[in-house]
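Reviewing the structure listed below.
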Amino acid sequence: MTIADYKKLLKKTIEELPESVSERSRFEIPKVKGHIQGNNTIITNFKQIAKFLGRDENHFLKFILKETAAPGKFSRDILIIGRKVSAELINEKIHKYVDKYGLLGVSIFIGIPLPGSGVYSGALGAYLLGINFKKFLIASIIGVLIAGILVTIISLTGVEMFELFIKRI
């Protein structure tokens, strides 16, 4: 098979792919489902979104209510927000939450000096979360600084402990 034949087959295969496969995001957050009832916004899948993100419902609730500047409560697996809020705005706030805490998580993951963590694994995590390169670069710098400080403290503490227990000859 020649390179020209390969390119023709590749082009034909890409054209035959369905759009849902070729244009899929790595990390898709579920969209908000709900409705407006009077002056309240009712969100029926709030608990599922929090579970999907792997976050505590109360922490997630505080963030959403703070960002929408509205009172609200969580009862029987639904969120009731005390004013009319569009689903588009709530989805935007959820993406802001993921950007904020996803970046923090990547920084901490890179900063923990354990086998399997570090910049390479953090890069994979950032790719899967859909974090752009500039934000990942900032997170990796912060993570490497954290790791450097932790390793330095552990090293110096170990030397001091060694000198404390062993007499010098």
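A DSSP coil position with no more than 15 other Cβ atoms inside 10 Å describes the following trypsin sites (Lys or Arg not before Pro) in segment 113-169: LYS167, ARG168.
Other residues lying with their Cβ under 14 Å from the Cβ of LYS96 contribute a combined charge of +2, Lys and Arg counting +1, Asp and Glu -1.
May I ask you to work out the translational diffusion coefficient for the chain at 4 °C, viscosity 1.567 mPa s, via Stokes-Einstein with Rh from the Kirkwood sum over Cα pairs, reported in whole µm²/s?
Working: Rh = 20.0 Å.
The calculation lands on 65 µm²/s.
Normalised by the number of residues in the chain, what is the relative contact order in percent for Cα pairs under 8 Å and 6+ residues apart? Mind dumping the intermediate values first?
Numbers: 159 pairs, mean separation 29.4, N = 169.
Once normalised by length, the contact order is 17 percent.
Using only the Cα atoms of segment 26-85, what semi-axes does the equivalent ellipsoid have when each is the square root of 5 times a gyration tensor eigenvalue? Give whole Å, largest first. Over the Cα atoms of segment 26-85, the ellipsoid semi-axes are 19, 13, 11 Å. Extension gain for ARG76 to ASN132 (0.36 nm times residue separation, less C-alpha to C-alpha distance): 16.5 nm. Placing a label point 7 Å from the Cα of ALA69 along the Cα-to-Cβ direction, the residues of segment 85-113 with a backbone N closer than 14 Å are 85. Per-residue extension of 0.36 nm, minus the Cα-Cα distance of SER155 and GLN48, leaves a gain of 34.1 nm for this segment.
Site pair ALA87 and ILE14 shows an inter-label distance of 3.4 nm when each label is modelled 7 Å from Cα along Cα→Cβ.
The numbers here are math on the coordinates, done by the rules we state, and not lab data. Computed from a predicted structure; not experimentally measured. Cβ coordinates were reconstructed from backbone atoms using ideal geometry, including for glycine residues, and neighbour counts include every protein chain displayed.
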